[in-house]
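Written out below as structure tokens is the structure these notes cover.
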Amino acid sequence: MKILDKINLEKLIGILKQDGYKVIGPVIKDGVILYDEIDSIKDLPEGWEDEQEAASYRLKKTNDKSLFSYVVGPQSWKKFIFPQRLRLWKAKREGKGFSVNSTKESKPKYAFFGVRSCELNAIFIQDKVFNNGMFADSYYNEVRDNILIISVNCTRSAGTCFCVSMKTGPKAKNRFDISLTEVIKNEEHYFVLEEGSPRGSDITTQLETMDASEVQIKEADDAINNAALKMNRSMNTAGLKELLYSNHDHPIWAQIASKCLSCSNCTMVCPTCFCSNMEDTTDLSGNNTERWRRWDSCFNLDYSKVTGGNFRTSGKARYRQWMTHKLASWIDQFGTSGCVGCGRCITWCPVGIDITKEIENLRNSPMPITK
Amino acid sequence: MVNKKPKLAVFKMSSCDGCQLSLLDAEDELLDVLAGVDMAYFPEASSRMMHGPYDIGLVEGSITTPRNVEEIRQIRKECKALIAIGACATAGGIQALRNWKDTREFTKIVYASPEYISTLDRSMPISAFVHVDYELRGCPINKYQLIEVLNAFLNRRKPNIPSYSVCIDCKLKGNVCVMVAHNQMCLGPVTHSGCNALCPSYNRGCFGCYGPMDSPNTSTLASQFRQMGYGKFDIMNIFRNYNCYAEAFRKESEANEK
């Protein structure tokens with residue numbers, strides 16, 4: 001463990017830029033903290049934190065100069081690896097046939113600066129989705145392979161966080177390149193740095209660091225524990241898969257559907273949701289065509305439209321599909337739950353549907369089984 | 001063999017002309033459109049007015065007079081494919097506000113000789129009178145969507161016109177939710193996509209120019225507005241504008257009327 005001061009944190013960003021990375025980090029925009037390109041620590045949200053509850057997000061000034069007091073904003077890192085819209089190929093009519101142009105454009109080389117533990121786990125989950133052998137996604141994997149990850153451990157939790165119960169945080173355990181924990185104590189402001197990969201160690205050697213003392217490491221651990229202790233929300237995952245599988249016809253789905261807007265916000269902000277649709281476009285002459293992939297959602301009626309009809313016409317069927325996939329069939333499909341407890345689907349649902357409460361409601365109202 | 005270009009006609013019922021102007025507004029694409037279709041009837045653009053039948057008819061405006069009713073029935077007979085464009089043609093438009101009032105009373109106040117006015121009691125969409133093959137939403141329509149519909153027709157494919165919520169467009173663009181982050185009333189979660197989330201992109205709530213999405217849950221959204229501190233009058237008003245007579249919006253505005 002090393003100690004990094006603010007001057008060297010700035011230097012770290014400089015080194016990343018010098019190494020050809022596009023550095024993405026937290027910035028304040030439109031009243032929230034989201035991820036965008038940064039040049040310097042001056043771009044970071046110094047002295048701001050986020051207050052989050054179901055259907056509510058507000059930024060609030062802190063009374064210190066902390067850089068990482070916020071938790072997670074509306075956007076996750078997925079938009080950089082799995083972009084909202086992506087052109088897959090172009091084709092041109094030639095005589096009676098056509099030729100496909102799938103010229104590879106050079107992919108950006110990202111350094112993600114400020115990845116939270118829940119988000120890191122979300123990236124690992126998407127890795128399983130997009131790097132699955134037979135159907136590996138070439139764009140995703142080419143971008144993913146070059147990403148340098150600087151994670152930041154949470155020292156605060158927001159009202160909608162539940163990572164502790166999902167075992168995904170608040171401390172990043174592995175597979176980062178560098179991890180940082182911000183400590184502000186008395187007049188001191190420093191970052192406890194942990195190297196997580198040879199690439200991370202190589203960068204660290206270019207910084208002026210000191211070895212962390214036992215006291216400093218403890219301060220960092222206490223700060224992380226503080227985030228865990230103050231987390232008010234949790235999801236009881238015991239037997240969750242079986243619970244969902246055996247309650248397909250539970251009346252709770254109709255209750256949730258009466259609240260649900262089917263607006264798809266939960267799936268768009270979810271760091272693991274990966275559904276997309278293909279759009280074929282032509283120019284007016286019909287001689288040039290392009291295939292685009294864009295984010296889609298199981299809440300959209302068109303998403304489940306197939307020849308002969310739609311197999312999920314009701315809001316009830318669509319919500320059940322989303323929750324059962326996320327928390328149950330995801331485990332069968334990818335060997336892990338699809339939820340990392342970041343709480344985005346709760347904060348950014350315009351009507352505040354709370355996935356943790358709905359699971360509690362389901363547990364507390366056993367299915368009137370009439371077989 | 002001579003490949004004849006399909007004949008396109010543009011008609012207008014009761015409307016402001018904004019939607020048909022979108023076609024002329026498509027400056028960069030207009031020549032390509034004309035390469036693909038024969039502009040057979042478009043009085044706003046050309047004095048060359050060919051007779052029907054037409055392959056594609058675009059019609060803007062709502063049906064508000066007995067003459068409109070006759071015209072639209074005739075137009076339907078003359079068009080192989082009839083496409084209603086804009087909030088007036090698809091939902092009755094802003095002029096459908098009169099549907100809650102007594103039209104005769106209005107004509108008495110507005111016109112010196114109301115006996116010359118021949119009008120229907122209600123402003124209604126085209127589909128209330130004739131079969132419509134495709135509806136393109138918006139007040140006004142999005143010119144790129146109009147080109148896309150013509151493009152799809154010419155290339156015999158399905159138009160890429162999604163029917164999901166405006167929220168998706170916000171998320172595709174990276175907009176921040178104005179409801180959650182700024183406590184603004186926004187009809188985005190129940191409104192049909194198409195404007196590329198224009199208002200939320202400028203930090204304003206959506207007011208539903210594209211009408212209800214494919215399965216809108218307006219009552220839950222309205223109760224959320226109440227929780228956010230808005231009154232029934234505000235809620236009635238946000239549902240009662242350009243698409244006030246689209247069923248889902250009409251019902252919700254009526255639910256908040258008193």
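Within region B:37-72, work out how many residues are within 24 Å of B:T90 (Cβ to Cβ) and surrounded by fewer than 21 Cβ atoms within 10 Å (Cβ to Cβ).
Number satisfying all stated conditions: 15.
Reported count of residues in region A:19-48, each being assigned to a strand (DSSP E or B), more than 14 Å from every other protein chain (Cβ to nearest Cβ) and surrounded by fewer than 17 Cβ atoms within 10 Å (Cβ to Cβ), is 1. Quick one: count up the residues across region A:183-217 that are surrounded by 15 or more Cβ atoms within 10 Å (Cβ to Cβ) and assigned to a loop (DSSP other than H, G, I, E, B). Here the count works out to 5. May I ask you to list the residues in region B:208-238 that are more than 18 Å from A:S262 (Cα to Cα), more than 14 Å from every other protein chain (Cβ to nearest Cβ) and not aliphatic (A, V, I, L, M)? If the condition is that a residue be more than 18 Å from A:S262 (Cα to Cα), more than 14 Å from every other protein chain (Cβ to nearest Cβ) and not aliphatic (A, V, I, L, M), then B:C209, B:G231, B:K232, B:F233, B:D234, B:N237 are the ones that fit.
For the residues A:A254, A:A220, the requirement of being assigned by TED's automatic domain parsing to the domain that holds A:G335 and either in a helix (DSSP H, G or I) or under 22 Å from A:L362 (Cα atoms) (or both) singles out A:A254. Could you list, in sequence order, all residues of region B:195-205 that are within 11 Å of chain A (Cβ to nearest Cβ) and buried (at least 22 other Cβ atoms within 10 Å of the Cβ)? Selection gives B:P200 alone. On inspection, A:D222 does not qualify as surrounded by 13 or more Cβ atoms within 10 Å (Cβ to Cβ), out of contact with any Gly (no Cβ under 9 Å at 6 or more places or on another chain) and closer than 30 Å to A:Q18 by Cα.
Please tell me if A:I224 is within 14 Å of another protein chain (Cβ to nearest Cβ), touching a residue at least 60 places away in the same chain (Cβ under 8 Å) and either under 28 Å from the mean Cα position of the chain (by Cα) or under 30 Å from A:N300 (Cβ atoms) (or both). No; evaluated as a whole, the condition is false for this residue.
Kindly indicate whether B:V176 is over 23 Å from B:T90 (Cα atoms) and among the aliphatic types (A, V, I, L, M). It would help to see each step written out before you state the result.
Numbers: over 23 Å from B:T90 (Cα atoms): yes; among the aliphatic types (A, V, I, L, M): yes.
Criteria met by B:V176.
Residues in region B:83-101 that are in contact (Cβ under 8 Å) with a residue 12 or more places away in the chain and over 30 Å from B:A152 (Cα atoms): B:Q95, B:A96, B:L97, B:R98, B:N99. Scanning region A:279-312 for residues that are of a type in the set (S, T, Y) and either surrounded by 14 or more Cβ atoms within 10 Å (Cβ to Cβ) or more than 8 Å from chain B (Cβ to nearest Cβ) (or both) returns A:T281, A:T282, A:T289, A:S297, A:Y303, A:S304, A:T307. Can you spot a residue in region A:89-110 that is in contact with a strand residue (DSSP E or B) (Cβ under 8 Å, 6 or more places away or on another chain), touching a residue at least 40 places away in the same chain (Cβ under 8 Å), surrounded by fewer than 22 Cβ atoms within 10 Å (Cβ to Cβ) and within 12 Å of another protein chain (Cβ to nearest Cβ)? Within region A:89-110 (the criterion being in contact with a strand residue (DSSP E or B) (Cβ under 8 Å, 6 or more places away or on another chain), touching a residue at least 40 places away in the same chain (Cβ under 8 Å), surrounded by fewer than 22 Cβ atoms within 10 Å (Cβ to Cβ) and within 12 Å of another protein chain (Cβ to nearest Cβ)), the answer is yes, since at least one residue qualifies. Based on what the data block shows, is B:Y144 under 20 Å from the mean Cα position of the chain (by Cα), more than 14 Å from every other protein chain (Cβ to nearest Cβ) and either among the polar types (S, T, N, Q) or more than 26 Å from A:S304 (Cβ to Cβ) (or both)? When the stated conditions are applied, B:Y144 does not pass them. Look at (1) more than 21 Å from A:R85 (Cβ to Cβ); (2) more than 11 Å from chain A (Cβ to nearest Cβ); (3) surrounded by 15 or more Cβ atoms within 10 Å (Cβ to Cβ) and you find that B:L154 fails only one, number (2).
For region B:17-34, the set of residues classified as of a type in the set (A, V, I, L, M, F, W, C) and in contact (Cβ under 8 Å) with a residue 12 or more places away in the chain consists of B:C19, B:L21, B:L23, B:L24, B:A26, B:V33, listed by residue number. Look at region A:1-26: where a residue is more than 20 Å from A:S69 (Cβ to Cβ), no partner that is among the acidic types (D, E) and part of a helix (DSSP H, G or I) sits 6+ places away or on another chain with Cβ atoms under 9 Å. Being out of contact with any Lys or Arg (no Cβ under 7 Å at 6 or more places or on another chain), crowded, with 20+ Cβ neighbours inside 10 Å and farther than 30 Å from B:P66 by Cα is the requirement here; does B:M213 meet it? So B:M213 passes the test. Comparison of B:N175, B:N160 shows that the only residue that is more than 7 Å from chain A (Cβ to nearest Cβ) and in a loop (DSSP other than H, G, I, E, B) is B:N175.
For region B:163-172, name all the residues that are within 7 Å of chain A (Cβ to nearest Cβ) and either over 16 Å from A:T347 (Cβ atoms) or among the aromatic types (F, W, Y) (or both). Of everything in region B:163-172, those that are within 7 Å of chain A (Cβ to nearest Cβ) and either over 16 Å from A:T347 (Cβ atoms) or among the aromatic types (F, W, Y) (or both) turn out to be B:S163, B:Y164, B:S165, B:I168, B:L172. Within region B:88-99, not a single residue is over 23 Å from B:Y242 (Cα atoms), modelled with pLDDT of 95 or more, surrounded by fewer than 20 Cβ atoms within 10 Å (Cβ to Cβ) and over 14 Å from the mean Cα position of the chain (by Cα).
The criterion of at least 3 residues that are within 14 Å of another protein chain (Cβ to nearest Cβ) is met, among helices (runs of 4 or more DSSP H) falling completely within region A:321-368, by A:344-347. None of A:S262, A:S276 is under 22 Å from the mean Cα position of the chain (by Cα), closer than 21 Å to B:C170 by Cα, within 7 Å of chain B (Cβ to nearest Cβ) and of a type in the set (G, A, S) except A:S262.
Of the residues making up region B:224-245, those that are within 18 Å of B:M213 (Cβ to Cβ) and polar (S, T, N, Q) are B:Q224, B:N241, B:N243. Residues that are among the hydrophobic types (A, V, I, L, M, F, W, C) and in a strand (DSSP E or B) within region A:1-18 comprise A:I3, A:L4, listed in sequence order.
The values are calculated or read from the model by the stated rules, or taken from the named source; none is laboratory data. It should be emphasised that the depicted structure is a prediction, and the values quoted were computed from it without experimental measurement. Quick reminder, even Gly has a Cβ in these numbers, built from the backbone with ideal geometry, and neighbours come from all protein chains shown.
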